[in-house]
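So the structure is just underneath, and the comments pick up after that.
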Ligand code: SAM
């Protein structure tokens with residue numbers, strides 16, 4: 001179920017500390033078909049509707065070269081989210097999960113990320129598929145999809161360092 005601002009059975013909210021040093025700049029705005037969190041997709045899909053990302057000045061010049069990438073990683077600020085839950089019940093059934101084990105919009109810094117398919121760029125506007133945010137969501141950053149990107153700068157020592165391999169546990173949900 002989609003949360004507006006309610007607290008559900010067994011969920012735990014904390015009193016967050018006062019914000020300190022981080023300052024973010026909203027570099028643009030996302031336009032989508034969704035005006036209600038109750039209707040927004042939980043995760044974007046590559047065949048979802050085309051959405052528009054508007055880049056504000058003075059950042060438009062930073063779009064140079066973006067057209068070379070078929071997919072982009074988009075970071076956005078889920079501005080309507082509450083930020084104080086450490087245990088959450090996504091299914092509203094009393095079963096709770098730690099915030100950092102979820103991709104819920106409710107988190108101390110409500111950053112959302114999606115991999116989107118680039119349809120086209122027109123001036124300061126990108127048209128993409130794969131978003132899952134409300135119309136008017138502030139944009140934080142755009143990057144090439146890391147699976148398509150090769151660093152342009154020469155490699156550094158750390159690029160060749162290896163270490164012990166740890167087993168990663170995958171949880172199927
Ligand atoms: N794909 C991103 C991620 O994994 O980081 C976001 C996933 S989050 C589960 C997507 C949900 O966040 C939507 O279904 C909607 O309920 C909520 N949402 C979308 N835009 C929002 C906004 N601007 N403020 C608060 N909640 C938002």
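So here's what we get for this one:
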| read-out | value |
| --- | --- |
| Residue in region 84-98 that is touching a strand residue (DSSP E or B) at 6+ places or on another chain (Cβ under 9 Å) and within 23 Å of residue 117 (Cα to Cα) present | no |
| Flag if residue 139 is touching a residue at least 60 places away in the same chain (Cβ under 8 Å) and either near the ligand (Cβ under 9 Å from one of its atoms) or touching a strand residue (DSSP E or B) at 6+ places or on another chain (Cβ under 7 Å) (or both) | yes |
| Some residue of region 159-172 being surrounded by fewer than 10 Cβ atoms within 10 Å (Cβ to Cβ), under 19 Å from residue 62 (Cβ atoms) and more than 13 Å from the ligand (Cβ to nearest atom) | no |
| Subset tally (residues that are near the ligand (Cβ under 7 Å from one of its atoms) and in contact with a strand residue (DSSP E or B) (Cβ under 9 Å, 6 or more places away or on another chain)) for region 32-50 | 2 |
| Any pair with Cβ under 6 angstrom, 6 or more apart, that starts in region 45-74 at a residue that is part of a loop (DSSP other than H, G, I, E, B) and ends at one that is surrounded by fewer than 15 Cβ atoms within 10 Å (Cβ to Cβ) | 49/33; 69/148 |
| The lone exception for residue 4 - which of (1) in contact (Cβ under 8 Å) with a residue 40 or more places away in the chain; (2) near the ligand (Cβ under 10 Å from one of its atoms) it fails | (1) |
| Qualifying position, being under 30 Å from residue 5 (Cβ atoms) and at pLDDT below 95, among 152, 111, 171 | 171 |
| Residue within region 55-67 that is within 13 Å of the ligand (Cβ to nearest atom), more than 18 Å from residue 120 (Cβ to Cβ) and either touching a helix residue (DSSP H, G or I) at 6+ places or on another chain (Cβ under 6 Å) or modelled with pLDDT of 95 or more (or both) present | no |
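The values are calculated or read from the model by the stated rules, or taken from the named source; none is laboratory data. Note that this is a predicted model, so its numbers are computed, not measured. Don't worry about glycine lacking a Cβ; one is built from the backbone with ideal geometry, like all the others, and counts go over all protein chains shown.
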